[in-house]
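Novice: Sharing a structure here in structure tokens format.
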Amino acid sequence: METTNKKLTLSNILTVSRLFMLPFIVYFLVRRVNVAAFVIMSLSLLTDVVDGFFARRFHQESELGKLLDPLCDKISLAVILTTLVSLRELPLWIAIVVVMRDILILLGSFFVYSHRAYVFKSNILGKITGFLFGALILAYTIHLRTIGIWTMYTAIVFMSATFLSYIYRYITIMKGDK
């Protein structure tokens, strides 16, 4: 798989656009205009799906994109979870668990990159977990509590499996087995 050195690609623009949507999402959540927040979150989640598609389709995969995409995902998720917790829409413990897991993944990824110059791509467990996180925040945004609770517990199972797979992948790379 070939990567490009170009920084200004459609994929990277879509990735960064998620950060520009964040203030609007937070604003509408705080103002309790949940339908507007839901629409912008949905658009943000859609850009997360299509940025990878465009990168592969138009051969725009870049080292910058490999770093930006998960970073923008984690920042967006942390900000939205924190906002939902502060509005008493979401339990504090789930935000703490998710944010701590993401911080550990980022630290581990930085460590591996700085020692082995290797960037992990999301695996199928990561993609499912990301989908469940998206469904979780959307459900809580529009007050679908029952769906939100079921999604939250399902996400925890996948989040745990994903975290364990990352640990295995980190160890494998650091041992030099890959």
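Novice: Give the residue that is nearest to V99 (Cα to Cα), with candidates limited to residues of the stretch 134-178 that are in a helix (DSSP H, G or I) and in contact with a Ser or Thr (Cβ under 6 Å, 6 or more places away or on another chain). Break it down stepwise before answering.
Specialist: Looking only at the stretch 134-178, we keep the residues that are in a helix (DSSP H, G or I), and these are 134-141, 145-175.
In the following step, the residues that additionally are in contact with a Ser or Thr (Cβ under 6 Å, 6 or more places away or on another chain) were identified as 135-136, 139, 158-159, 162.
Values: A135: 17, L136: 14, A139: 19, F158: 15, M159: 11, T162: 14 Å.
Ranking the qualifying residues of the stretch 134-178, first place goes to M159.
Novice: Find all pairs meeting these conditions: Cβ atoms under 6 angstrom apart; at least six residues apart or on different chains; first residue within the stretch 73-93 and in a helix (DSSP H, G or I); second residue not hydrophobic (A, V, I, L, M, F, W, C).
Specialist: K74/D102; S76/R18; L84/Y140
Novice: For the stretch 75-99, how many residues are within 22 Å of T15 (Cα to Cα) and either surrounded by fewer than 19 Cβ atoms within 10 Å (Cβ to Cβ) or in contact with a strand residue (DSSP E or B) (Cβ under 9 Å, 6 or more places away or on another chain) (or both)? Step through it out loud before you land on a result.
Specialist: Pass one, the stretch 75-99, residues within 22 Å of T15 (Cα to Cα): 75-83, 98-99.
After this cut, where a residue has to be either surrounded by fewer than 19 Cβ atoms within 10 Å (Cβ to Cβ) or in contact with a strand residue (DSSP E or B) (Cβ under 9 Å, 6 or more places away or on another chain) (or both) as well, the list is 75, 78-79, 82, 99.
The number of residues fulfilling the criteria is 5.
Novice: Moving on. Conditions: (1) farther than 18 Å from I25 by Cβ; (2) more than 13 Å from the chain's Cα centre (by Cα); (3) surrounded by 13 or more Cβ atoms within 10 Å (Cβ to Cβ); (4) in contact (Cβ under 8 Å) with a residue 24 or more places away in the chain. T154 meets all but one. Number of the miss?
Specialist: Single failed check for T154: (4).
Novice: Are any residues in the stretch 112-129 part of a helix (DSSP H, G or I) and exposed (fewer than 13 other Cβ atoms within 10 Å of the Cβ), and if so, which ones?
Specialist: Filtering the stretch 112-129 down to residues part of a helix (DSSP H, G or I) leaves 112-116, 124-129.
Across the stretch 112-129, the qualifying residues are S114, H115, I124.
Novice: Report, by residue number, each residue of the stretch 114-125 that is free of Cβ contacts under 8 Å to residues at least 40 places away in the same chain and either of a type in the set (S, T, Y) or closer than 14 Å to K74 by Cα (or both). Working first, answer last.
Specialist: If we filter the stretch 114-125 for residues that are free of Cβ contacts under 8 Å to residues at least 40 places away in the same chain, which is where we start, we get 114, 117, 124.
Within the stretch 114-125, just S114 meets the criteria.
Each reported figure results from applying straightforward, stated rules to the coordinates on display, with no laboratory input. Computed from a prediction, not measured in an experiment: that's the story for all the values here. No Cβ is skipped: glycine too gets one built from the backbone with ideal geometry, and neighbour counts run over all protein chains shown.
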